[in-house]
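A.B. asks: Below is one structure. I have some questions about it.
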Amino acid sequence: MEKVTLAQLLTKNIEEKIICFPTDTVYGVGARLNDGKAINKIYQMKNRDQNKPLAILVPNKDISNLVLSLSPLAEQLIENYWPGAYTFLFLKNDCVSGIITKDKPTVALRMPDSAIALSILSFFGPLATTSVNISGEKELNSVDQIEEQFAQFIDYLVIDEQSLSSKPSTIIDATGEVPTIIRK
């Protein structure tokens, strides 16, 4: 694991690499969207159920290339709650890899309210992400804890400081007529 500043990370090649960085909620680990090797390392690192999809963090509200369509209600949710601690489920576009969605018809998208995360996403593009923890356990939100537990898996750990809520995002299913809260 290499500890880096945001500026240093933006000079790195992250192909086949797992990066770890703070968001507005918790620290996350991420990989390029079509990077099967790095995505598989995330599942191994977390001991994550292979049938559980990852979310995608996006740098802006233009998600038209990732979703089949957006209802007026979905557009309103994005406008009102992004950037922020809300992850929305949408019907996915075919270009979204089944490696991320586990071949489900939906994709989970979030635009974090974090200058660090948005800089990373703007530079590298959307990333397949999840929280830093063993699946089912509490999220790790300190550089020391993350390094101690996951140094052998994470390639780059961003050490710039960010205020965290320490609560995972709220997940809302926006695929139907009425949004449904899946996780608060």
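The values are calculated or read from the model by the stated rules, or taken from the named source; none is laboratory data. The shown structure was predicted, so the numbers you read here are calculated from the model rather than taken from an experiment. Please note: Cβ atoms are built from the backbone with ideal geometry, for glycine as well, and neighbour counts cover all protein chains shown.
A.B. asks: Determine which member of the set 103, 94 is among the acidic types (Asp, Glu), at positive phi, at pLDDT below 95 and outside any helix (DSSP H, G or I).
C.D. replies: Among 103, 94, only 103 is among the acidic types (Asp, Glu), at positive phi, at pLDDT below 95 and outside any helix (DSSP H, G or I).
A.B. asks: Only one of (1) more than 17 Å from the chain's Cα centre (by Cα); (2) of a type in the set (D, E, K, R); (3) under 25 Å from residue 26 (Cα atoms) fails for residue 52. Which number is that?
C.D. replies: Condition (1) is where residue 52 drops out.
A.B. asks: Exactly one condition in (1) at positive phi; (2) surrounded by 13 or more Cβ atoms within 10 Å (Cβ to Cβ) is not met by residue 136; state its number.
C.D. replies: (2)
A.B. asks: Listed residues 61, 46; which is touching a Ser or Thr at 6+ places or on another chain (Cβ under 6 Å) and either without any contact (Cβ under 8 Å) to a residue 60 or more places away in the chain or among the charged types (D, E, K, R) (or both)? Quick ask: steps written out before the conclusion?
C.D. replies: Numbers: 61 fails: touching a Ser or Thr at 6+ places or on another chain (Cβ under 6 Å).
Going through 61, 46 in turn, just one is touching a Ser or Thr at 6+ places or on another chain (Cβ under 6 Å) and either without any contact (Cβ under 8 Å) to a residue 60 or more places away in the chain or among the charged types (D, E, K, R) (or both): 46.
A.B. asks: Just give me the residues in the stretch 14-26 being part of a loop (DSSP other than H, G, I, E, B) and among the hydrophobic types (A, V, I, L, M, F, W, C), in sequence order.
C.D. replies: 14, 18, 26
A.B. asks: On to the next question. Kindly list the number of the only condition in (1) β-branched (Val, Ile, Thr); (2) surrounded by fewer than 21 Cβ atoms within 10 Å (Cβ to Cβ); (3) part of a strand (DSSP E or B) that fails for residue 29.
C.D. replies: So the condition that residue 29 fails would be (2).
A.B. asks: Got a sec? Which of 47, 51 is over 20 Å from residue 150 (Cβ atoms), among the polar types (S, T, N, Q) and out of contact with any Leu (no Cβ under 9 Å at 6 or more places or on another chain)?
C.D. replies: 51
A.B. asks: Is it fair to say residue 15 is among the acidic types (Asp, Glu), within 21 Å of residue 122 (Cβ to Cβ) and either in contact with a Gly (Cβ under 8 Å, 6 or more places away or on another chain) or touching a residue at least 12 places away in the same chain (Cβ under 8 Å) (or both)?
C.D. replies: Considered against the rule, which asks whether it is among the acidic types (Asp, Glu), within 21 Å of residue 122 (Cβ to Cβ) and either in contact with a Gly (Cβ under 8 Å, 6 or more places away or on another chain) or touching a residue at least 12 places away in the same chain (Cβ under 8 Å) (or both), residue 15 comes out as yes.
A.B. asks: Please pick out the residue among 119, 64 that is outside any strand (DSSP E or B), hydroxyl-bearing (Ser, Thr, Tyr) and either under 17 Å from the mean Cα position of the chain (by Cα) or surrounded by 13 or more Cβ atoms within 10 Å (Cβ to Cβ) (or both).
C.D. replies: 119
A.B. asks: Regarding the stretch 4-13, can at least one residue be identified that is more than 11 Å from the chain's Cα centre (by Cα), under 18 Å from residue 158 (Cβ atoms) and assigned to a strand (DSSP E or B)?
C.D. replies: yes
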